[in-house]
Each structure stands twice: as structure tokens, then as C-alpha cells.
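Chemist: Have a look at the structure that comes next, please.
A short reminder: the numbers here are calculations on the coordinates, not readings from a lab. Just so it is clear, the structure is predicted and the values come from calculations on it, not from any experiment. Heads up, the Cβs are rebuilt from the backbone with ideal geometry, glycines too, and the neighbour counts pull from every protein chain shown.
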Amino acid sequence: MTIRKLEKTDNEALAKLIREVFVEHDAPKEGTVYSDPTTDELFELFKEPRSVLWVAESGGSLAGCSGIFPTEGLPENCAELVKVYLSAAARGTGTGRLLMQKSISSAVELGYTQLYLESLSEFSKAVSIYEKLGFVRLDKPLLNSVHKTCNIWMLKDIS
């Protein structure tokens, strides 16, 4: 398996992978990344300064992704851990943990001191991994997110 930065040619396959995860977990489609138009243009989205999206590739297919994004409205030097999705075949292989650790390292290199994330209760296995990586649950979101359906908010100090 290879972990590398997102390429323009990944857009279609990543959008498909992300939406398949939502369908598989019967997660809400409206008010989430599923219906967000940027999901189809991730390469363009991650041209934003101080952002990065890592993808895992195995056997010529994308197995997952995880990234860092300077979401507007977050406190200074706080970025968002975003787009953490794995194909069904990649789950349980350590790929998700590797991708998230790569994202956390990138956040430190980019000068961030905190990472924030939003998730859904339908993704409880991912949430337990976030907790193992040191993310702490919050009572409310840190920002007024466009993803209104998210019901789990977490923060990690990476300074």
C-alpha cells in the first residue's frame, strides 16, 4: 500500500468511495459531505494553503483518504481533520490509523496546534479510533458548519 498526496485524477474515485461509505452505514446524505458539491472536486478544494489530503492506494485502487483543512471559523492555529474515509476492504488493516497519523503529522508541520473534527454517530467505529488517537468529545461544535447533520464534535491538542 502507498500513501500519497491527492492527485487530480483521484477526484471521481474518491467521491465514489466517500458516498459508498455513507450508503453502507445508512448515514444521512443531506447536510453532510455526501451532498456537498466539493466532494466531487477534492483536488481543487485542497489547493487551499495549509491544507493537504492523503490517499491510500493499494493494487491500483484507492483504499481511503484523510486530510487537514483550515476551515473558516475555527480558532487560530486550529485545523479540521477531514475526509477520513476507508473502503470496506481497507477497514481493519491499519490503513485508517496510518492515514490519520500522516494527517496529524502534516498538521504539526503546517503549524497547527489543534485539530477539530465533526462526525456522525453512524461512524461509531471511526469515532472510537479518534478517541484512541487522543481526540476529546465536545458538547457543541466549534463553528457553524455547513454539515448540519453532524452530531459528534472532537478536538485534539497537537502542540
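Chemist: Sort 27-35, 82-90 by the packing proxy (mean of other Cβ within 10 Å over each peptide's residues), most packed first. Don't skip to the answer; put the middle values down first.
Modeler: Working: 27-35: 16.1, 82-90: 20.0.
The most tightly packed comes first, giving 82-90, 27-35.
Chemist: Any idea what the dipole of the range 61-121 comes to, in debye rounded to 20, about its Cα centre with Lys/Arg Cβ at +1 and Asp/Glu Cβ at -1? Intermediate results must be reported in sequence, preceding the final value.
Modeler: Numbers: 4 positive and 5 negative charges, 81 e Å.
Magnitude of the dipole: close to 380 debye.
Chemist: Using only Cα positions of the range 59-122, each an equal point scatterer, no hydration layer, compute I(q)/I(0) via Debye at q = 0.21, 0.28, 0.30 Å⁻¹ and quote the log10 values to two decimals.
Modeler: -0.85, -1.18, -1.27
Chemist: Right, next: Calculate, for LYS132 and ARG50, the FRET efficiency according to 1/(1 + (r/R0)^6) with r their C-beta to C-beta distance and R0 30 Å; round to the nearest 0.05.
Modeler: Working: r = 26 Å, r/R0 = 0.86.
The computed FRET efficiency comes out at 0.70.
Chemist: How much length is gained on full extension from ARG4 to GLU72, taking 0.36 nm per residue of separation minus their Cα-Cα distance? Walk me through the numbers before you get to the answer.
Modeler: Details: separation 68, 0.36 × 68 = 24.48 nm, distance 2.54 nm.
Result: 21.9 nm gained on full extension.
Chemist: Right, here's the next one. Which peptide among 56-63, 134-141 comes first, and what is the full order, when sorted by highest mean count of other Cβ atoms within 10 Å?
Modeler: Details: 56-63: 15.2, 134-141: 12.2.
Descending mean neighbour count gives 56-63, 134-141.
Chemist: Given +1 on the Cβ of Lys and Arg, -1 on the Cβ of Asp and Glu, and no further charges, what dipole in debye does the chain carry about its Cα centre, rounded to the nearest 20? Don't jump to the answer; show the numbers that get you there.
Modeler: Numbers: 18 positive and 22 negative charges, 93 e Å.
My answer is approximately 440 debye.
Chemist: Relative contact order for the range 2-157 using alpha-carbon pairs under 8 Å, separation at least 6, rounded to a whole percent? Intermediate values should be presented prior to the final figure.
Modeler: Numbers: 258 pairs, mean separation 35.5, N = 156.
This gives 23 percent for the range 2-157.
Chemist: Of the listed pairs LYS47/LYS83; LYS5/LYS83; LYS29/LYS132; LYS125/LYS156; LYS47/LYS125, which have alpha-carbon separations greater than 22 Å here?
Modeler: Details: LYS47/LYS83 15 Å; LYS5/LYS83 13 Å; LYS29/LYS132 27 Å; LYS125/LYS156 18 Å; LYS47/LYS125 30 Å.
From LYS47/LYS83; LYS5/LYS83; LYS29/LYS132; LYS125/LYS156; LYS47/LYS125, over 22 Å: LYS29/LYS132; LYS47/LYS125.
Chemist: Spelling out what I want: for every residue of the range 4-20, take phi, set θ = phi - 60°, compute 6.51 cos²θ - 1.76 cosθ + 1.60 (Karplus), and round to whole Hz; glycine and proline get x.
Modeler: 9, 6, 4, 10, 4, 5, 7, 3, 5, 5, 5, 4, 5, 4, 4, 5, 5
Chemist: How large is the charge dipole for the range 92-159, taken about the Cα centre, if only the Cβ atoms of Lys, Arg (+1) and Asp, Glu (-1) carry charge, to the nearest 20 debye?
Modeler: Numbers: 8 positive and 6 negative charges, 26 e Å.
Approximately 120 debye in magnitude.
Chemist: Residues with beta-carbon under 13 Å from that of GLU72, excluding GLU72: net charge, scoring Lys, Arg +1 and Asp, Glu -1?
Modeler: On the way: positive: ARG50; negative: GLU48, GLU76, GLU80.
Result for the local shell: -2.
Chemist: Could you give each residue of the range 152-159 its phi-based ³J(HN,Hα) in whole Hz, using Karplus coefficients 6.51, -1.76, 1.60 with θ = phi - 60°, and x for Gly or Pro?
Modeler: Those phi angles translate into 10, 10, 9, 9, 9, 7, 10, 6 Hz.
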